[in-house]
Each structure stands twice: as C-alpha cells, then as structure tokens.
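> Here it is, the structure in full.
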Amino acid sequence: MAAPLLPPPPDPQFVLRGTQSAVNALHFCGGTQAQGCPLLFSGSQSGLVHIWSLQTRRAVATLDGHGGQSVTWLQTLPQGPQLLSQGRDLQLCLWDLAEGRNTIVDSVHLKSVGFCRSSILVEEQLRWMLAVPGKDNDEVQILEMPSKTSVCTLKPEADAKPGMPMCLGLWQADTSLRPLLLVGYEDGSVALWDISERKVCSRIACHGEPVMGLDFDSQKARGISGSAGKELAVWSLDGQQALQVRHIHELTNPGIADIMIRPDRKILATAGWDHRIRIFHWRTMKPLAVLAFHSASVHCVAFAADGLLAAGSKDQRISIWSLYPHT
Amino acid sequence: MEPARSAVGLSVREAVHTLQSSEDGGRVLSVLGSLRRYLRGAEEPALPDEQEEFAAKHFATVLRCLVGRLSPRWLQLSPGGRLEQLWGSFFLEGPADQAFLVLMEAIEGTVGPSFHLMKMAQLLARFLSEGRMAALMEEQCRPQTKPGFPLLQETLLSKVVSLPDHLGNRLHQDNLAQFFPQNYFPLLGEEAVRVLQAVVDSLRGGLHCSVSFVSRVLGKVCIQGRHKEILGRLVPQLTALTQGSCLWQRVCWRLVEQVPDGAMEAVLAGLVEAAPGPEVLSRLLGNLVVKNKKAQFVMTRKLLFLQYRCTTHMLQSLLGYLAMDNQRRPLLIQVLRELLETWGSRSAVRHTPLAQQRYISTAVLICLAHLGEPELRDSREELLASMMAGVKCRLDSSLPAVRRLGMIVAEVISARIHPEGPPLRFQYEDDELSREMLALATPRPAGDSSLEAGGSSLDPGVAETPAEIVEGSVPAAGLQGSDSELDSDDEFVPYDMSGDKELKSSKAPQYVRDCMEALTTFEGKDMERWEAALQALEGLIHRNPEATREVSVELAKVLLHLEERTCVAGFEKLRQRALVAVTVTDPARVAEHLTSQFYALNYSLRQRMDILDVLTLAAQELSRPGRLGRSPQHSSLGPGTQSSPALPASQSGSAMAPDWRVVVENRIRSKTRRFSKGAPRQEPAGGPNEFASVAGCFFFPLIQHFDRPLVTFDLLGDDQLVLGRLTHTLGALMYLAVNTTVAVPMGKALLEFVWALRFHVDTYVRQGLLSAVSSVLLSVPAERLLEDLPDELLEARSWLAGESVTSQEFQIQKGRQVAERVLGACTQVHRRG
C-alpha cells in the first residue's frame, strides 16, 4: 500500500567495540534504579565479561573468571550489584560488583557442556531459583539459591526423547506461586514443566530444528520461540496449562540465535544467523524492521528497562539501538 | 381434338389481332377477358383440353403480344388501372415457366431505361414475391414428356440462376432490391424448400417426381459462389424438416445426389459450411460419399488435402459425418492414414505453408478423436511410422510454430495409439493454439445435438453450482483475540525491509582473477562461491577494465565453457552478460578468440549460438552512442534512455546515498519556480562509434568459413539453425557498423554471402538473408553502394523480387512483407543513384 513511502531502516545509536572476540551474551542492568547510569554487561568468546557504561560508552571493567572459555549467559540479581555469568568452563559464577569490587563470591559447577543458557526466578529477597542444564543429556536441574541445594531434576519421560534442552525460561504466574519452566528442546519442541509436580504440563512440536531461543510474556500468557530453521513460532498457554501454536512466521533466512520481548511487551527482537536483527510488533507479529548492521551472525539481543536494544555479534561489535521509544 | 385445337387457335389469333390493332379500351378488355378463360383457376373456365392447348401453344404468343403493346397510352385506354391489372394477371397466373421466359426475354431485349423496362421489372418483382418461382420449379419437377424439354429446362435454369446479373445489367442504378443477389438467392432457397415440400406431398400421394431441376439450380448457384445465401435459408429449414421424417431425408439425399458432378464440390463445401454439426450433415447427405465417386473425392481428398480453407468447425462436421455411419467409417480410417502420411512427409513439412500444416494437424486430431481403439489397432504400425517421420522432420524445423505443432500432434497420437505405454511428453508453452488443439483431441459426447435443435435441449448439468464453501471452523487469526490492551499500531510504522534478501553464506570474490579461479574450481563443495562469483563477475569487469584486459581471453574461454552446475536463477543471462562485458572491455582480442572458436571443432551448437549472441550484444553495446562515462546499464540498450540514478542494490555501502539525494532534489524542486515547463533535456553527447575500429574483427572471421564443413559442424548441412542465426548476426553486425568506413567492404562481403545462400530451403535462413540485405542498404551509403557494388546490388534485387513471390506462395506473410519492403528500399537506392 504505502510501500514506497517506507522510511529507510535506522542506524544504530552507537556501537561498542573492544571486546576483541565474538560477543555471546548481553545483559542490561539498572537504568531506572537508583544505581546511577545503566550498565551493559557483555560476555565474549574469549571468556571475558565487559562492563560498559552507556553514558561514556566505554568499558568500565573487565571480569575474567572463566579461564578463557566462552561466556554464554549473563544475569544480574536484584539485590545489590551481583552478576551471574555462565561459561563454557562449566562454571556458573556469582560476582560481587558492589563498590567497585569484582570478585567471584560463589560458583556452581555445571554438568552439561552444551550451549544451553540457564534461567533464574527470583522468589524473594535473597532467595532465588536457578534452572541449569543437568547431567544427563535431556535433563534440567533446578537449584535453590544461594544455598545451591538441588530441588529436583526434570527428566522427560523415557519415550519422549526430546534431545538436549537448548534454552530455558523460568517464570511464575502472577496468580499462583507455582514456578513453571519452559524448555526448548533439541528436537524443536517446547515443553512446559510444572516444577513442583515435576511433570510436563504440555509439550508442542513447533519447530523442525532445535529451538535456539524463547521468551515468554507471562501477562498475555504467550511466548515465542525461534529455532535453527526458518520459522518463528508464537504459542500461548490456556487455562489448563496447555500450549497451543498460534502463529508461525516464516523468515527469509534460517537461524535464530536469541529472541527477546521488550519489557513493555510492545516489540520483540531476534538475533539472526543471517547477520540481521529483526524487530516485530509483539501483539500482531507484524515485521517492523530488519536491521542489517552486523557483518557476522548476531549472537544475542537484550533490552534495557528503558527500551534500549543491544545486539552482540560474532563480528565483535555490540550495536545499541533506540527503536520505537516508550511513550 | 383437332377441331377444338383449331378453335382455340382461331380465337387466339383473332384476339391477338384485336389486341395489336385496337385502341378501344372496352374492346381490349373484353378480348383479354375471353382469353383469360383459358388460364387455370379463372372464373367460368374453358374446357381443360382447351386450356392445355392454350398453355402449350398459344400462351407465349399472347404474352409476347401483350409485352409488345405495353405503353403508357395503351394502359390509359381503360380507366382505373383495370387494364393493367388484367394485363399483369396473365403473367402471374399463366404457366410460370413461359411467363418467366417471356419476361426475361422482354427485359433483356430492351435497350436502356424506359417506362417499358420499369414496368416489366416491377412485374417480375411481383412474379417473385407471389411465389411464382416455386411454381416454375415445381412444374419442372413433374415428369415431362414433351420433346425439346431438356433444352427448355437448360434455358430456364440459366435464366433463373443468372437473374440478378441480367437485371443488374439492364437496370443499372434503377435496379430493384428484390433482384440484388443477397436478396434473390435467399428467396430462391425458400422457394426451393416450398418446391421440395410439394414434391414430398406428391410423393406421399403416390406420384412420381424428380428433384433434379432443383438440384441443378442449387448446383449452379453454388458454383456462382452464392452458396452462403441459398444454403443459409435452405439448410436450417431442411434440418428441421428432416428431423424424424424418412421421406424428407430421402428427398434431401436425392437432391444432393442429383447435383451435376461439376457442381458437386461447390454444393458439398457449402453444405459442410452451413451444417451446424455432423449429425445434420449426416441427415442431409446420407451415404452419399459411398455411392457417389465425385462426392467421395470431394469429401475425402479435395476438402482435406488440396485446400485448407475449412474452419475447424467445418472440419469437425466433415470428419464427424464420416464417422457417424458404419459404411462410412472405413473412409475415415483411410482419411486418417492419408492425413498422417501427408503429415509425416518431409517435403510437405518443408514446402507447405504453416496454415496448411496446421490444418492437416487439426484434421488428424479430429480423426483421432472419432476413431476407437480397435480401429486404430489394425493400422497401428503404419500410423506410428508416419508419426515418427513427421515428428522428426518437424522437430528439425527452425520455425517454432512448426515444432510446436509436431509436439502437440505427436503427444496426442502416441497417447491414442499406445494408451498403455508411457505417455510422450514434450515441453512447450501452453498457449491458445496448443489448448485449442488439445481440446480437439478429446472425443465429443456422442449425442451432442444441442446445436441443431435450436437451443431446445438445454444442458441440465451446467446449472448445478458447487456447494458453498463452508468457512473453516478454526479461525486463523488467534493473535489479537485475548488482547485487552488497545495499543494502536500507528506508532509502529515499519521500516523499509526491501533489503531483506536471502543471505549468501560465502562472500563474493572481489577481483576478476578470483572470479576466474572460483569459476574453474571443480570441487562440488564450493558451489556457493561459484554462484557468487558468477553473479559478481559482470560488475567486477565493468569496474576493473584494466585487470580484465589482462585476462580477457582466458576469461572468455572459461565463460564459454561454463556449464550450469547448480540451479542459479538466470544462469544463462548471467553468463551471457559477463561474456558481453568481457567482449566490450577488450573487443579486438576477445572477438578474435570467439570468432575463431565459432568454427572450431569441439563445441556444441548451443555454444556456437551463444558466441553469435554475445558478439551481437557486444557490438550493440560498443556502438551505443555516449557509452563512455556512464555507469553500465544492462536493461536499457536503446540509446538515449536516461534513467534515474538507480544504483545496483548490491553496493550496500552507498545504499543510503540516493535517499538523501532524492530528498534534496525534491526540496530544491519544490522551492524553485520554473517559468517554462518541459522535461529537463540532456543533449545526447557526441562521441566516436567504438565499434568502428573493431567491426572487422567481429565480422570478417565469421563470414569467411561458413562453407567449410567440419566433422561436428556443417553449416550448409544439418546445422541450418545455426546458419540462420549466423545470417541474422551478420545482418545485425552490418547494421551496427553504420557510419563506419569498414561498412563498404562488409556490405560487399555480406551481399556475396547472401548471393551464395539465396536458394536455401530453410525459411529462417532466408529471413536472415533478408535482414542482412536490409541492413546493408541501411548501413552502406547509397552512393557507395551504386559506385562500388552495383552488380551485387542488382543481383540482390533480382533475388528479392523472386523471394517476394516465393514467400507469397508459401503464405509466409512476414517474409513477403519484409521482402517487399527491402525491395522497395533497394529500388529507392537505385532511383536516387
């Protein structure tokens, strides 16, 4: 209709360089809180975690705790400036960053060498739940933190054979206290686990390729998953805790490394193996933008609380975008 | 009897005498009244014998006398037009044949327009409108015993049929509408139906009758080419009348049978055309083709093989007619056999016009649709042999339409002859012709009579409408369903996503040499690099002409031998463009290489034709004015098309550039007031024709060796397709060399080339020669033509004149037009000289 009048795709607001290896994980911290200016954490292939100030656009600190092995996941905890980092050295480290410190205060030994990122669910101050890939190929382990006690191991039924878990999403409905876990498996299926009952509530096969990333909107009870294939799947959860595929969106090029819904649940971003970041309208899944800035596959995307988008790529750059700002 | 006859004779003689001399109205009236008694159907009639004698002997005399007396003054003798009425009644009520003959005689005998002539013409018009013509013909259908009868009938026949001509000749502008052929012959048709009705009635009454006079009338009218008018009336009525009546059918059969041999073809062709379908034709003709040799010849040979004017509908009627009866079916099989023989004959393919080939093919398909499995089985071998021969020589043809015909017919034949075997499938474009042909091949339902019944039998099956599609129970849109938030999409205006293309994982090479290397690696694993190289090559060549020149010949070699190894979209185009780019960059050396390879041993025809195409395109690109200093535009080859700056999308770095430029230009335009409107024009920049210096390298090596056959390549033999392409290419090169000094020797060589090939059998080659001659005329200045090559020009001219005639014979419309146009140009050149 108005096709010829479309504006050209935007440029990044700024670009962070200097990780000197591929960026595998990104995480925003602060922004709206009283901690001052927002920080961006990036985990690189070389095992370093960089802490970037978005004000000066410089790295303020570098954390080296994974022995040169790739960092795959970063997450901050709400209490105090504490950072969780997962590395391919099978360590999940807890960093204390308060008052300029950068020391590892605790670490969890992981048993899986896969690429599966962990997930946390903060239940109350000082207590949180951690989901990590388990010892056996298809297991997910739930730990009570910071005590590191293993709550349970979620192992699919013997005949299911979903393959390895590829991505995890811990969440809790507003109305109930039962923690739930979404797992994307290697065979392309997404399963919903009820942790307290240790059973699969529902499982849908929505991809033909391994699920590489998923995100869930607990308010709308809808989630989205991307895989190594060409399709994005939007699924929803009904009252009986059953997953249903709502919509399949076909992409131009196969391969999604990461997927994230913006905190205000208006848009979502995907990190594509085709070097492009794609922006969709979350409610309608209308494609909004294709950001072709990176020259190698994009490994991760992250949204800040104020809506800033960061994308880390194999080309060692982190691009920061400001799209469709909050109103 | 003798006294009675003499009594009639006496009274008639007396009456005639009175009529000729008397000026007294009352007397004339009474005499006429007494004569009227002898006419049939008068009040107080005379004895039948007397009437008969009057009719046979004296009627004509009386009529001639009446005609002779006719004048305004004579008609005034009795007031109130009574005399005129009585006068006319003799013609309208007496024996029709004599009245007609006398009228015609009188009209023919009058010189120039006059009252007399007009009166006679009006009387004749009344004669026609009162149905006397039917009476006339009916009379002739009765058994006749009189001596001299055939002679009289012959005269009558010719007068009846040629009435419009005679009247037209006499009356000129005053001719009455009734006598126009378009009105007269339909009337004649209706009268004929009435005659046939009378014949049927009298046959029912047990009387003997003959329809031969009507047949002869019909035959003669049809010979005169008026079959549309007369049969247009006759056939529909007969169609209705013969339905369900055996007697009528037999009368009809007899009617056609009695048509003289000389007129049989005209009548049958007319009937086939006028009949709405084979059923009707079958009712009207019966088994005529079996009984009558002439009819058989016309129907099975003449209409099918010796002419090709029948429409598809007529063919369907004709062949359907042959198929409808068991006695006629052997004829159909024989027809099919002969049709296929013609279809498969090499000389027929080469020497008959395309329209006739299509006609024969159509007939073959219709025959096949009518014939059943067992009938085909008997002559399977023979049919198969003919088909194979036909397919072979058709596929060899250089005309696409002929090839297509071959494919379609071969598919259908093989499907019918070998229904159990694997189906033969050709790849051809699905167009109107092929659909029409294939539709013919499907057998029609047996009782297809909706045409003839005048729409009375409606098709009940058509009205049925498919059940409405029930809407899917699961609504597809579930996305918006549970959303309570009413956030509008207005704030989420999508950005331009046109750049979202499929990603090629490997990078395109950056240098021409890299491309060559990528193209020559034979490992299957690096196909993506190979594709990327192919796609990037043309741009690289344009950007780095220096680097290209270093490797131009090798690159051309690589490209020429390149084979499609993956399914790259537009492989042929990419390769061709790259080759053209190389040739343009380094014309002399690459052209030398390509032309030498054209006559080299180990190339396929495809490659040789590629060479020709590339040379033509490169020459076109080189000769384009203002080529230098402009970014390469592939699509717009025509000179002078200055398109908006649309950069190739692949240059992602500069992708942003056009946008701001457009914005700025728009802004400037909106702020600038111009006093004169009009498209901003750019003067075409003058520059040297780059093709001029290398035209010889392109042209002469190509034209030199065409007559030296190789083991693998024989231009004058089987590879006439390439020869056709070569002639076209040479013509194009000649044309592109306009305004160059080398044009004159090129033109000379080309005219000699044309002379050597002027009698080539292939149409495509001859078309190429025509284009070559025309480009010589265009490119070589007229004075040089006349000065340097007068002999060649004369020879070309004589050939063109002959070619124009030949093309006409073969109905190659285009060929003829071109030949004539070129001939015209040639003549002009001469005249100017």
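The values are calculated or read from the model by the stated rules, or taken from the named source; none is laboratory data. Remember, it's a predicted structure, so these values are computed and weren't measured experimentally. Counting neighbours? That spans all protein chains shown, and the Cβs are built from the backbone with ideal geometry, glycine included. With ligands, DNA and RNA removed, areas are computed over all heavy atoms of the protein, side chains included. Shrake-Rupley method; radii C 1.70, N 1.55, O 1.52, S 1.80 Å.
> Sort B:122-129, A:148-155 by packing, meaning the average of other beta carbons within 10 Å per residue, with the highest value first.
The packing order, highest mean first, is B:122-129, A:148-155.
> Tally Lys/Arg at +1 and Asp/Glu at -1 over every other residue whose Cβ is under 14 Å from the Cβ of A:Arg178; what's the total?
Surrounding charge for A:Arg178 is -2.
> Shifting gears a bit: Would you mind getting the accessible area per residue of chain A, heavy atoms of the protein chains only, 1.4 Å probe, in Å²? All intermediate terms of the calculation are to be shown ahead of the outcome.
Details: 13270 Å² over 327 residues.
For chain A, the per-residue accessible area is 41 Å².
> Which aspartates and glutamates have a Cα lying under 16 Å from the Cα of A:Lys148, excluding residues fewer than 8 positions away in the same chain?
Within the straight-line limit of under 16 Å, A:Lys148 reaches these aspartates and glutamates: A:Asp106, A:Glu123, A:Glu124.
> Using all alpha carbons of region A:1-148, what is the percent of pairwise distances in each 5 Å bin, ordered from the shortest bin to the longest?
That works out to 2, 9, 18, 20, 18, 13, 8, 5, 3, 3, 2, 0, in percent per bin.
> Taking 0.36 nm per intervening residue step and subtracting the Cα-Cα distance, what contour gain separates B:Gln122 from B:Leu47 on full extension? Could the numbers behind the result be given before it?
On the way: separation 75, 0.36 × 75 = 27.00 nm, distance 3.20 nm.
My answer for the length gained is 23.8 nm.
> Quick check for me: using +1 on Lys/Arg Cβ and -1 on Asp/Glu Cβ, what's the dipole size of chain A about its Cα centre, in debye to the nearest 20?
On the way: 29 positive and 30 negative charges, 121 e Å.
Taking the Cα centre of chain A as origin, the dipole is about 580 debye.
> Also: Over the whole of A:278-285, what's the average partner chain Cβ count within 10 Å per residue? Rounded to a whole number, please.
That average works out to 4.
> Can you work out the FRET efficiency for the pair B:Lys291 and B:His418, with r the C-beta to C-beta distance and R0 = 45 Å, to the nearest 0.05?
With a Förster radius of 45 Å, E is 0.80.
> Each residue of region B:107-117 in order: what ³J(HN,Hα) in whole Hz does its phi give by Karplus 6.51 cos²θ - 1.76 cosθ + 1.60, θ = phi - 60°, with x for Gly and Pro?
Going residue by residue, I get 5, 5, x, 7, 9, x, x, 7, 4, 4, 4 Hz, with x marking Gly and Pro.
> What is the P(r) of the protein assembly as shown, as percent of Cα-Cα pairs per 20 Å bin from 0?
9, 21, 21, 22, 15, 8, 3, 1, 0
> Based on the alpha-carbon set only, what is the convex hull volume of region A:59-127 divided per residue, in Å³?
95 Å³
> Moving on to the next point. How much length would be gained if the chain were fully extended between A:Arg17 and A:Asp306, taking 0.36 nm per residue of separation minus their Cα-Cα distance, in nm to one decimal? Each step should come with its number before you reach the end.
Working: separation 289, 0.36 × 289 = 104.04 nm, distance 2.22 nm.
Once the chain is fully extended between A:Arg17 and A:Asp306, it gains 101.8 nm.
> What is the mean projected area of the alpha carbon convex hull for region B:116-261, to one decimal in square nanometres?
9.4 nm²
> Over the Cα atoms of chain A, what radius of gyration and what Dmax do you get, in Å?
Spelled out, the Cα radius of gyration and Dmax of chain A are 18.8, 59 Å.
> Out of every Cα pair in region B:247-382, what percent are spaced more than 24 Å from each other?
28 percent
> Please average, across the residues of A:286-297, the number of beta carbons from any other chain that are within 10 Å of each residue's own beta carbon, and give a whole number.
3
> With the crude spin-label approximation of a point 7 Å out along Cα→Cβ, what separation in nm comes out for A:Ala205 versus B:Lys57?
Label-label distance for A:Ala205 and B:Lys57, simple model: 11.5 nm.
> Take the Cα of B:Arg337, step 7 Å along the line toward its Cβ, and report every residue of region B:369-410 whose backbone nitrogen sits under 16 Å from that point.
In region B:369-410, the label zone of B:Arg337 (backbone N under 16 Å from the point 7 Å along Cα→Cβ) covers B:371-372, B:374-387.
> Starting from 0.36 nm per residue, how many nanometres of slack lie between B:Asp718 and B:Val493 once their C-alpha separation is accounted for?
74.6 nm
> Shifting gears a bit: When ranked by the protection proxy of mean other Cβ atoms within 10 Å per residue, highest first, what sequence do the peptides B:348-361, B:198-211 form?
Result, highest mean Cβ count within 10 Å first: B:348-361, B:198-211.
> Can you spot the lysines whose alpha carbon is less than 22 Å from A:Lys266's alpha carbon? Ignore those fewer than 8 places along the same chain.
Hits, sequence-local ones excluded: A:Lys220, A:Lys286.
> Taking the simple approach of a point 7 Å from Cα along Cα-to-Cβ for both B:Tyr428 and A:Arg127, what is their distance in nm?
Each label point lies 7 Å from its Cα, and together they span 8.4 nm.
> Could you compute the FRET efficiency for B:His705 and B:Glu795, with r as their C-beta to C-beta distance and R0 at 25 Å, rounded to 0.05?
Working: r = 22 Å, r/R0 = 0.90.
The formula returns an efficiency of 0.65 here.
> Another question, then. Which residues in region A:251-295 have a backbone N closer than 17 Å to a point placed 7 Å from the Cα of A:Arg57 along the Cα-to-Cβ line?
Under cut-off, by backbone N: A:293-294.
> So, R0 is 60 Å and r is the distance between the beta-carbons of B:Glu820 and B:Leu152; what FRET efficiency does that work out to, to 0.05?
0.65
> Treating only the Cβ of Lys, Arg, Asp and Glu as charged (+1, +1, -1, -1), what charge dipole size does region B:533-578 show about its Cα centre? Round to the nearest 20 debye.
On the way: 7 positive and 7 negative charges, 20 e Å.
In total the dipole reaches around 100 debye.
> What span do the alpha-carbon atoms of region B:244-291 cover on each of the three principal axes, reported in whole Å from largest to smallest?
31, 21, 16
> Suppose every Lys and Arg Cβ carries +1 and every Asp and Glu Cβ carries -1, with no other charges. What dipole size does region B:367-447 come out with about its Cα centre, to the nearest 20 debye?
That gives region B:367-447 a dipole magnitude of about 100 debye.
> Evaluate the distance, in nm, between pseudo-label points positioned 7 Å from the Cα of A:Ile104 and of B:Arg204 along their respective Cα→Cβ axes.
The modelled label-to-label distance comes out at 12.0 nm.
> Let me ask another. What percent does the relative contact order of region B:332-393 come to when contacts are Cα pairs within less than 8 Å and at least six residues apart? Write out the running numbers ahead of the final one.
On the way: 43 pairs, mean separation 36.3, N = 62.
Worked out over region B:332-393, it gives 58 percent.
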